[in-house]
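Below is one structure, written out as structure tokens; comments come after it.
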Amino acid sequence: MKLLPLLPLSVLLWVAITLGADDSSRVIKKALFPGSQKIVVVAEGDFEPRSVGSYSLRVYAGTDARFPYDKFIVGIVRPRDGTVEDVRLSDLDYDGVLDIVVILRSVGTGSYLSADGFRLRGTILRLLGSVSGLAKDADPVRALEAKFRIRPKSPGAPNGTKSSR
């Protein structure tokens, strides 16, 4: 009989441990490439705090509707300062092909935004550029696009001035 009062306490402790160990609170976002079956998945790192850590970006072929995540194409793991807020597709480098944008929001008082842009060509995934410290209501996709709007002139390109000899 002395153990009876401990039973509810031990059940409560078991429930708290079980719920605390639940990994389903991890943020996972996905996007589909239009006109293609490719699926982009972005997920915060396993067992990491929500505010900092890493995120993975993975691309799947999506060719089998029953098992869309069976054919892995390529992926990358990046550091993050904040939580994964969204994944979008946009033609960042103006080459006519959609690129992948991962949007992060800081957890601190400013709720600042940052974004990483990636180019996917076949089985090659490459970081195009990043922006950070954006206002909480900024458009991070537009900020990334702006980085590519102004292209530096290549060396040796005519600049419209005559040489002085």
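I'd like the per residue volume of the convex hull spanned by the Cα atoms of the range 41-101, given in cubic angstrom.
Numbers: hull volume 6.8 nm³, N = 61.
Once divided by residue count, the hull of the range 41-101 is 112 Å³.
Working out 0.36 nm times the residue gap between ASP81 and SER130, then minus their Cα-Cα distance, what length gain in nm do you get to one decimal?
Working it through step by step, the gained length comes to 16.4 nm.
If R0 is 41 Å, what FRET efficiency do you get for ALA61 and VAL107 from their C-beta distance, rounded to 0.05?
With R0 = 41 Å, the Cβ-Cβ based efficiency is 0.75.
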Projecting the Cα atoms of PRO68, GLY108, PRO49 onto the charge dipole of the range 25-149, where Lys and Arg contribute +1 and Asp and Glu -1 at Cβ, the residue farthest towards the positive end is PRO68
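Evaluate the range 79-145: find the radius of gyration of its Cα atoms, find its Kirkwood radius, and give the ratio Rg to Rh.
Numbers: Rg = 12.0 Å, Rh = 12.1 Å.
In the range 79-145, Rg relative to Rh is 0.99.
Would you mind getting the Kirkwood hydrodynamic radius of the range 25-149 from its Cα pairs, rounded to one decimal in Å?
On the way: mean 1/r = 0.0674 Å⁻¹.
Hydrodynamic radius (Kirkwood, Cα pairs) of the range 25-149 is 14.8 Å.
Since every read-out is calculated from the coordinates, none of them should be taken as a lab result. Quick caveat: nothing in here was measured; it's all calculated off a predicted structure. All Cβ positions, glycine included, derive from the backbone under ideal geometry; neighbour counts span all protein chains shown.
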